[in-house]
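Q: This is the structure I want to talk about, given as structure tokens.
The values are calculated or read from the model by the stated rules, or taken from the named source; none is laboratory data. Just so it is clear, the model here is predicted, and its values are computed rather than measured. As a convention, Cβ positions derive from the backbone with ideal geometry for all residues, glycine included, and neighbour counts pool all protein chains shown.
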Amino acid sequence: MDILRVKNLKKIYHTKNSEILAVENFSLNLKQGEFVAIVGPSGCGKSTILSILCGLDKASSGNIEIEKGLKFGYMLQGDNLFDWRTIYKNCLLGLELENKLTKENIKYVNKLLDTYGLKDFKKAYPNNLSGGMRQRVSLIRTLATKPDILFLDEPFSALDYQTRLAVSDDVYQIIKKEKKSAIMVTHDLSEAISMADRVVVLTNRPSKIKNIYEIKLTNKSTPIQNRKAKEFASYYDKIWKDIDYHV
Amino acid sequence: MYSKEHKEYLKKIKLNNFLIKFTQLLIIVLIISIWQFAADHELINTFISSSPKSIVNTIINLYKDNTLFHHLWITFYEVIISFLIATIGGILIATILWRFKFISKVIDPYLTILNSLPKVSLGPIIIILAGAGTKSIIIMALFISIIITIINVHQAFTSTDENKIRLLKSFNAKPHQIFFKLILPSNYPNLINVCKVNIGLVFIGVIMGEFLVSKAGIGYLIMYGSQVFNLNLVMTGVILLAIMASLMYYLIVFIEKKLTKKQ
């Protein structure tokens, strides 16, 4: 069952001196509960696609169909927590903006905070939290408005390597446990393979789809475990060749 | 319990802080005593350079005449009114410019011209338009401080983290929500800095204004003193100003501490 259907998306950026074709012919369907990763060379327009999908940017042409009544949540690079708000208040931000501070929703946020190990930090300020915890708060802030599809735009790129591994494990499990569908943009191939059900590889600008890989790993579990699967390396190899990095 | 080394470390910091305070105090005491000593032994011409004792006497005389607090109050009133209008008005205008990029682009060259223009040159025009009184002084102080307030606050508002704005937009935030939830609170430190700068600028404006038109106030005292060649009065005016300006500066620092304490 497809909950999101994108067809022939095209995006042109206009500047004074030129126009840049950023995305062309991008089509993608997302199934309920699926985790899709989009990878591609840097500057190829991966993030543009997400901005368009969640309505922050307008497509030049193309079609986006969404299952009726479904809601988006957007998580962008860095945690973007507000330093002057407590963790609790940070998590309520989305609800405040959408005027949905109902008792039920507040209870849901509290439950999320309790479940994901932030019970004792509700009154703390972001400065007192580690990078990983901040990222978790940022995810809870997004989940608070009960989105059905999450758009993750290089969410971990500000973290150091070790934290990054731990946090992607963490975030992945939360997303799965809350039964959300997700599209993640990343430039980290191992991250994409270890987390996603499908990996979409884009070409250089203008971004077109070069290949789509159905990721089938033996004993598929958490991202960190998945990295040890025997198929992992061969997927990595294929995608690496697709992307054709040259320095 | 701290280790011995840590205690020594704390002790060292304490001692250092004490030495700084002590030296600061020593400098002012030394200046005053040397000044007074030189005056007593006629090493300097007290008619021109006054002396600490005569400054104190002048203040006491002003107090006895019941005019000390009158002059202080007039200047204080003018400073506070101009400060409030300049700061609040400046922030409001900067907000409008932040919200409507078109207006901000249109108005930009005019702001630049007004900012580089020495505002004192507007003095005569202001006096003709607003009359020789408190109104002119306040307008003068306003001109000096509001332009730079608008420019600085607008600059701060527009350099707010773009990613955070995108985040709010992804929650369908409206412009006023973006302003009150993000732009304003994230710029508190900048606004406090603007206040600190403004206090100084407003004082310049008020004293300039009082030089030009007033019948009362510290600026008037200084001007009057220089015209009748009463340098005691001039020095007294300067000292009173220094005390007043620094007290108001510390008031802002105090408010800043109150506001930022919880983070």
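Q: Do any helices (runs of 4 or more DSSP H) entirely within segment A:1-115 hold 2 or more residues that are more than 14 Å from chain B (Cβ to nearest Cβ) and closer than 22 Å to A:Lys180 by Cα, and if so, which?
A: Values: elements: A:46-53, A:87-97, A:103-115.
Hits in segment A:1-115: A:46-53, A:103-115.
Q: Of all the helices (runs of 4 or more DSSP H) wholly in segment B:139-243, which have at least 1 residues that are of a type in the set (A, V, I, L, M), more than 14 Å from every other protein chain (Cβ to nearest Cβ) and under 30 Å from A:Lys89 (Cα atoms)? Steps first, answer last, please.
A: Values: elements: B:162-170, B:175-178, B:188-213, B:218-227.
Where helices (runs of 4 or more DSSP H) fall fully within segment B:139-243 and carry at least 1 residues being of a type in the set (A, V, I, L, M), more than 14 Å from every other protein chain (Cβ to nearest Cβ) and under 30 Å from A:Lys89 (Cα atoms), they are B:188-213.
Q: Restricting the search to segment B:142-179, which residues are touching a Phe, Trp or Tyr at 6+ places or on another chain (Cβ under 8 Å) and under 21 Å from B:Thr87 (Cβ atoms)?
A: Answer for segment B:142-179, where residues must be touching a Phe, Trp or Tyr at 6+ places or on another chain (Cβ under 8 Å) and under 21 Å from B:Thr87 (Cβ atoms): B:Ser145, B:His154, B:Phe157, B:Thr158, B:Phe179.
Q: Tell me the residue from A:Asn63, A:Asn127, A:Asn99 that is surrounded by fewer than 17 Cβ atoms within 10 Å (Cβ to Cβ), without any contact (Cβ under 8 Å) to a residue 60 or more places away in the chain, in the same structural domain as A:Ile174 (by TED's automatic domain parsing) and more than 17 Å from the chain's Cα centre (by Cα), please.
A: A:Asn63 is the lone residue from the list that is surrounded by fewer than 17 Cβ atoms within 10 Å (Cβ to Cβ), without any contact (Cβ under 8 Å) to a residue 60 or more places away in the chain, in the same structural domain as A:Ile174 (by TED's automatic domain parsing) and more than 17 Å from the chain's Cα centre (by Cα).
Q: Taking the condition of being within 17 Å of B:Ile96 (Cα to Cα) and either under 32 Å from the mean Cα position of the chain (by Cα) or at pLDDT below 90 (or both), how many residues in segment B:159-174 meet it?
A: Total meeting the criteria: 2.
Q: Could I ask something else about it? Restricting attention to segment A:116-145, which residues are assigned to a loop (DSSP other than H, G, I, E, B), more than 14 Å from chain B (Cβ to nearest Cβ) and in contact with a helix residue (DSSP H, G or I) (Cβ under 7 Å, 6 or more places away or on another chain)?
A: Of all residues in segment A:116-145, those assigned to a loop (DSSP other than H, G, I, E, B) come to A:116-118, A:122-125, A:129-130, A:144-145.
Now narrow it down to the ones that are more than 14 Å from chain B (Cβ to nearest Cβ): A:116-118, A:122, A:130.
Scanning segment A:116-145 gives A:Tyr116, A:Leu118, A:Lys122.
Q: Quick one: in segment B:101-115, which of the residues that are of a type in the set (A, V, I, L, M, F, W, C) and surrounded by 13 or more Cβ atoms within 10 Å (Cβ to Cβ) is nearest to B:Leu184 (Cα to Cα)?
A: B:Ile103
Q: Which ranges mark the helices (runs of 4 or more DSSP H) fully within segment A:157-247 that have 3 or more residues being free of Cβ contacts under 8 Å to residues at least 60 places away in the same chain, surrounded by 20 or more Cβ atoms within 10 Å (Cβ to Cβ) and out of contact with any His (no Cβ under 8 Å at 6 or more places or on another chain)? Lay out the reasoning, then the answer.
A: Working: elements: A:161-177, A:189-195, A:223-226, A:232-243.
Helices (runs of 4 or more DSSP H) meeting the threshold: A:161-177.
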